[in-house]
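A short write-up of the structure that comes next.
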Amino acid sequence: MKELMPLEEALRIVLEHAKPLGTELVFLENALGRILAEDVKSDTDKPLFDNSAMDGYAVRSEDIKGASEESPKVLKVIGEHTAGTKETFKVEKGTAVKIYTGAPMPEGADTVVPVELTEEKNGEVYVKKELKEGANVRKKGEDVKEGEVVVKKGTQIRPYEVGMIAFVNRPIVRVYRRPKVGIVSTGDELLELGEPQTRPFQIRSSNHHMLFSLAKSAGAEPHLIGIVLDDPETLLRTLKNCHQYDIFITTGGVSMGEKDYVQYLIKEVGVEVKFHWVRIKPAKPVLFGTYGERGLFFGLPGNPVSCAVAFDLLVYPAIRKIMGAREIFKRKVKAELVKDFRRRDTKRREFARVRVWEENGSLLCEPHPKQQSHMLTSLVESNAYMIVPEGVGEIKRGESVDVVLFSDPF
Ligand code: AMP
Ligand code: MG
């Protein structure tokens, strides 16, 4: 019997070797999804000057004390401030300036009366309501002060951060480099996308395409190398290329089969194996090693579901850590199981594919009926893994379970 390593130990080893790469500058348009490697600070106070939050009239609050529908206060309109106005006016006792949203407050005025509380006739405005001093005025610096950090180092850039970074006039920002990931499927039986089937027992390869997308959505820079036959010579030639990448991922050929050469050949290209066989289900045969100064090698199992699980559990956090992300794990939440779950072998921690949804304010989850590791439908029709701990053979409906969501919510 192979000795299986506990998942925590495997993860600890992987993360110990996953070190952030350097940083690089990117144009803001290309910054979406990247992790900021600097604190971005505001170039000016925001707002830059006191301005109006409404279309209306800028007044002195003193002049509209006691104003009401029945006895409006009448002020002389002496000019107009539009957003970006070139001409400015000064409000003195008994006067008002017509003003629009975003336009600078005229000197002397402290309050904006919204247009719907007024009536303008013959160059005069009738104000029909008293307002508190400062009403509808946006104060200089009330959102952000000049020099204040507006987006912190380590933040993953979302469209909102893009907006803020533009607002503080930064066309270029410093982000962490993304790891380059080389991806290979191995197997004599595999057919590339579109390649005609010439023999009866060939199968279409899903894994390298799936891994490409998994790596990309984790934020890495994936490179598809393609399919390699289970032939030691070709395989060795392909594995030698690992040194061109920060991370090298193979799928297939790491189990107990006669032609599972990957585990032996990697040693010849300088990979030092750190572990092989982890106490999880699926994905037990997963292998991890290091090469060169900082290279990470992952030998993932060939069964498509095992391949995905191994990636999500071990490769994903490694990529996130290398990228400098603050959150390196997928989000784990509690959900209520709606159907009994049973299993015979309880030695390994299981990552059962489930569908999670919200109902009346609670999260519920239901295991997919097909849990075998060759059944891709169990991934396609699910959105989370339910964690079944070691030693647990049965979970009853109504019990609370830990689930790890597939998609990155950050
Ligand atoms: P292996 O780990 O090489 O023994 O493969 C285990 C199972 O996964 C076999 O049924 C393979 O045919 C299948 N398999 C291996 N690689 C792939 C792949 N790239 N795409 C789809 N299935 C695969
Ligand atoms: Mg194989």
Checklist entry - If we keep just the residues of segment 77-113 that are among the small types (G, A, S) and within 18 Å of K139 (Cα to Cα), which is nearest to the chain's Cα centre (by Cα)? => result G102
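For residues that are among the β-branched types (V, I, T) and under 52 Å from the mean Cα position of the chain (by Cα), scanning just segment 33-76, find the one that is surrounded by the most Cβ atoms within 10 Å (Cβ to Cβ). Give the derivation first.
Within segment 33-76, the subset among the β-branched types (V, I, T) is 35, 40, 44, 59, 64, 74.
Checking the rest, the ones that are also under 52 Å from the mean Cα position of the chain (by Cα) come to 35, 40, 44, 59, 64.
Values: I35: 24, V40: 20, T44: 16, V59: 29, I64: 24.
Top of the filtered list is V59.
Give me the residue from segment 235-280 that is hydroxyl-bearing (S, T, Y) and over 25 Å from R178 (Cβ atoms) and, out of that set, farthest from ligand 2 (Cβ to nearest atom). Show your work before the answer.
Going residue by residue through segment 235-280, those that are hydroxyl-bearing (S, T, Y) are 238, 245, 250-251, 255, 261, 264.
Now drop any that are not over 25 Å from R178 (Cβ atoms), which leaves 255, 261, 264.
Details: S255: 8, Y261: 9, Y264: 14 Å.
Among them, the one singled out is Y264.
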Checklist entry - Out of segment 150-200, which residues are free of Cβ contacts under 8 Å to residues at least 24 places away in the same chain and of a type in the set (F, W, Y)? => result Y160
Next on the checklist: Can you tell me which residue is farthest from M1 (Cα to Cα) among those in segment 281-290 that are touching a residue at least 60 places away in the same chain (Cβ under 8 Å) and away from ligand 2 (no atom under 16 Å from the Cβ)?
Outcome noted: T290
Item to check | segment 217-252, subset among the charged types (D, E, K, R) and under 15 Å from A318 (Cβ atoms), residue surrounded by the most Cβ atoms within 10 Å (Cβ to Cβ) | outcome: D246
Next on the checklist: So F410 ticks every box in (1) aromatic (F, W, Y); (2) surrounded by fewer than 20 Cβ atoms within 10 Å (Cβ to Cβ); (3) within 30 Å of K153 (Cα to Cα); (4) at pLDDT 95 or above but one. Which box is left unticked?
Outcome noted: (4)
Checklist entry - If you scan segment 349-377, which residues turn out to be crowded, with 17+ Cβ neighbours inside 10 Å, free of Cβ contacts under 8 Å to residues at least 40 places away in the same chain and not in a strand (DSSP E or B)? => result H368, Q371
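For S206, are the conditions met, namely being under 30 Å from R320 (Cβ atoms), exposed (fewer than 15 other Cβ atoms within 10 Å of the Cβ) and within 33 Å of the chain's Cα centre (by Cα)?
On the way: under 30 Å from R320 (Cβ atoms): yes; exposed (fewer than 15 other Cβ atoms within 10 Å of the Cβ): no; within 33 Å of the chain's Cα centre (by Cα): yes.
When the stated conditions are applied, S206 does not pass them.
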Checklist outcome for this item: Reported set for segment 151-196 where residues are assigned by TED's automatic domain parsing to the domain that holds E258 and loosely packed, with under 12 Cβ neighbours inside 10 Å is L193, G194, P196
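So that you can scan it fast, the table gives a plain yes or no per residue for (1) within 16 Å of ligand 1 (Cβ to nearest atom); (2) touching a residue at least 12 places away in the same chain (Cβ under 8 Å); (3) assigned to a strand (DSSP E or B); (4) β-branched (V, I, T):
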{"site": "E293", "(1), (2), (3), (4)": "no, no, no, no"}
{"site": "D312", "(1), (2), (3), (4)": "no, yes, no, no"}
{"site": "V315", "(1), (2), (3), (4)": "yes, yes, no, yes"}
{"site": "R320", "(1), (2), (3), (4)": "no, yes, no, no"}
{"site": "A335", "(1), (2), (3), (4)": "no, yes, yes, no"}
{"site": "K339", "(1), (2), (3), (4)": "no, yes, no, no"}
{"site": "R344", "(1), (2), (3), (4)": "no, yes, no, no"}
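Considering each residue of segment 238-255, count those that are assigned to a helix (DSSP H, G or I) and in contact with a Lys or Arg (Cβ under 8 Å, 6 or more places away or on another chain), and give that number. Quick ask: steps written out before the conclusion?
Keep residues of segment 238-255 that are assigned to a helix (DSSP H, G or I), which gives 238-244.
Those still in the list that are in contact with a Lys or Arg (Cβ under 8 Å, 6 or more places away or on another chain) too: 244.
Looking only at that region, the number is 1.
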Item to check | Scope segment 176-191; condition touching a helix residue (DSSP H, G or I) at 6+ places or on another chain (Cβ under 9 Å) and either assigned to a strand (DSSP E or B) or among the hydrophobic types (A, V, I, L, M, F, W, C) (or both); matching residues | outcome: Y176, K180, V181, G182, I183, V184, S185, T186, L190
Next on the checklist: I'd like the full set of residues that are surrounded by fewer than 17 Cβ atoms within 10 Å (Cβ to Cβ) and within 11 Å of ligand 1 (Cβ to nearest atom), limited to segment 253-287.
Outcome noted: M256, G257, E258, K259
Next on the checklist: Could you list, ordered by first residue, the pairs with Cβ atoms under 6 Å in which the first is in segment 4-24 and within 22 Å of R34 (Cα to Cα) and at pLDDT below 95 and the second is of a type outside the set (K, R) and part of a loop (DSSP other than H, G, I, E, B), at least 6 apart or interchain?
Outcome noted: P20/G324
Next on the checklist: Can you go through L15, L25, L11 and tell me which one is touching a Lys or Arg at 6+ places or on another chain (Cβ under 8 Å) and outside any strand (DSSP E or B)?
Outcome noted: L15
Item to check | Members of segment 378-399 found to be loosely packed, with under 13 Cβ neighbours inside 10 Å and either in the same structural domain as T155 (by TED's automatic domain parsing) or of a type outside the set (A, V, I, L, M, F, W, C) (or both), listed by number | outcome: P389, G391, G393, E394, K396, R397, G398, E399
Next on the checklist: Please go through segment 192-237 and give me each residue that is near ligand 1 (Cβ under 9 Å from one of its atoms) and not in a helix (DSSP H, G or I), ordered by number.
Outcome noted: I203, R204, S205, S206, I227, D230
Checklist outcome for this item: R199: passes all of (1) surrounded by 12 or more Cβ atoms within 10 Å (Cβ to Cβ); (2) within 30 Å of E233 (Cα to Cα) but (1)
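The values are calculated or read from the model by the stated rules, or taken from the named source; none is laboratory data. Just so you know, these numbers come straight off a predicted model, no measurement behind them. Cβ coordinates were reconstructed from backbone atoms using ideal geometry, including for glycine residues, and neighbour counts include every protein chain displayed.
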